Amino acid sequence: MFDLTGRTAFISGGGQGVGSGIAKALAAQGASVAVNDLFEERAAETVEAIASAGGKAVAVGFDVCDYDAVKSGIAKAESSLGPIDILVNNAGVPPGMGVTQFLETAPEEWRKFIDLNTYAVMNCAHVLVPGMSERGHGRVITISSGAGTVGIPLGVAAYGAGKGGGLSFMRHLAMETARSGVTANTVAIGLIDNHADPKITEHMAKGVPVGALGQPKDIAALVVYLASNEASWMTGQTLELNGGSVTT
Ligand SMILES: NC(=O)c1ccc[n+]([C@@H]2O[C@H](COP(=O)([O-])OP(=O)(O)OC[C@H]3O[C@@H](n4cnc5c(N)ncnc54)[C@H](O)[C@@H]3O)[C@@H](O)[C@H]2O)c1
């Protein structure tokens, strides 16, 4: 089960954190992987880790918010790995993201969240789904957040708006592609352990019902399932993966 031999995947923002964990897990299941990141050197590190574990991967550095860059970057990835059948929209945190209450933000600060969490998902889907549909098989998986499914008072309103746009788009994409062998699902994740300071991690973990933050491998396991042949009857869904935090 969940064998991805012969499949090719593209992961945005795969240079670190959750995306890197997803790229490694897909490669471990047999997929060839195109690892994207805004910072190509980060993508190259993930590629190196995959290669040293015996997997096949290439690094493709570009900005997924830029439609033309997506088109040419994906063409480059496909020229070395072949047609892409699994798209993982993981990039979602713009560089330098902080938390600010909405009324204290200026309009020019909102766009980057919508660009990365809604437009970039649409850009990658628009470039990759036609080929998937033609071949009669494809998987689109978007990493969203609890911030896209419920309101929270932390100061991430614009980010939440972008996440909400992305997951709503995914539901429509799923309906438009349902008869062509292409599935589209979203994983809305909770807090992940990517904080350098163990005191912050410990403090944040107290608020999670299971008492621990998520690890990239927790997210990767669900993505492997969604990418697999076994998940062909799962589409149009937003799956919550968050250690039991009630978000819907
Ligand atoms: N970390 C959490 O606690 C958490 C919680 C909920 C949801 N998420 C979501 O999970 C996903 C991964 O989060 P993470 O914490 O691993 O992020 P991260 O910031 O650690 O890594 C994301 C990578 O994406 C890259 N990136 C950013 N903008 C890009 C762009 N325009 N084009 C290409 N690459 C770009 C960054 O360079 C970075 O290497 C995101 O969608 C995020 O919104 C994370």
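Where a number appears in this text, it was derived from the coordinates with a stated rule and is not lab data. Just so it is clear, the model here is predicted, and its values are computed rather than measured. Positions of Cβ are generated from backbone atoms using ideal geometry, with glycine treated the same way; all protein chains shown enter the neighbour counts.
Which percent, nearest 5, of DSSP beta bridges in the stretch 6-130 are antiparallel? Kindly include the intermediate steps, with their values, before the conclusion.
Values: 0 of 12 bridges.
The answer is about 0 percent antiparallel.
For the chain, how many pairs of lysine residues have a Cα-Cα distance under 21 Å, where the two are 8 or more positions apart or belong to different chains? Don't skip to the answer; put the middle values down first.
Details: Lys24/Lys56; Lys24/Lys76; Lys24/Lys217; Lys56/Lys76; Lys56/Lys217; Lys71/Lys112; Lys112/Lys163; Lys206/Lys217.
Close lysine pairs found across the chain: 8.
Which whole-number percent of Cα pairs in the chain have a distance greater than 22 Å? Intermediate results must be reported in sequence, preceding the final value.
Numbers: 15505 of 30628 pairs.
It works out to 51 percent of all Cα pairs.
Rank-order 184-192, 210-218 by packing density, defined as the average count of other C-beta atoms within 10 Å over each peptide's residues, highest first. Can you show the working numbers first?
On the way: 184-192: 24.0, 210-218: 16.4.
Descending packing order for the listed peptides: 184-192, 210-218.
Quickly rank 30-38, 154-162, 94-102 as a protection proxy: mean count of other C-beta atoms within 10 Å, highest first.
On the way: 30-38: 26.4, 154-162: 20.3, 94-102: 11.0.
Highest-to-lowest ranking by the protection proxy: 30-38, 154-162, 94-102.
Between the stretch 1-29 and the stretch 121-197, how many Å separate their Cα centres?
16
For n ≥ 4 DSSP H runs only, could you compute -39500 (n - 2.57) per run for the chain, divide by its residues and tell me the 222 nm figure to the nearest 500?
Numbers: 8 runs with 101 residues, N = 248.
Estimated from H runs of four or more residues: -13000 deg cm²/dmol.
Among residues other than Leu26 whose Cβ falls under 14 Å from its Cβ, what is the net charge (Lys/Arg +1, Asp/Glu -1)? It would help to have the intermediate numbers written out before the result.
Details: positive: Arg7, Lys24, Lys56, Arg139, Lys217; negative: Asp3, Asp85.
Around Leu26, the surrounding residues sum to +3.
Using packing as a proxy for protection, rank 163-169, 197-203 so that the peptide with the highest average count of other Cβ atoms within 10 Å comes first. Please report the intermediate quantities before stating the final value.
Numbers: 163-169: 21.4, 197-203: 10.9.
Descending mean neighbour count gives 163-169, 197-203.
Largest first and in whole Å, what are the equivalent-ellipsoid semi-axes of the stretch 105-173 based on the Cα gyration tensor, each being the root of 5 times an eigenvalue?
27, 13, 7
Strictly greater than 23 Å: what percent of every Cα pair in the stretch 64-208 meets that?
Counting every Cα pair in the stretch 64-208, those more than 23 Å apart make up 42 percent.
With contacts defined as alpha carbon pairs under 8 Å and 6 or more residues apart, what's the relative contact order of the stretch 8-241 in percent? Numbers along the way, then the final one.
Details: 475 pairs, mean separation 46.0, N = 234.
Relative contact order here is 20 percent.
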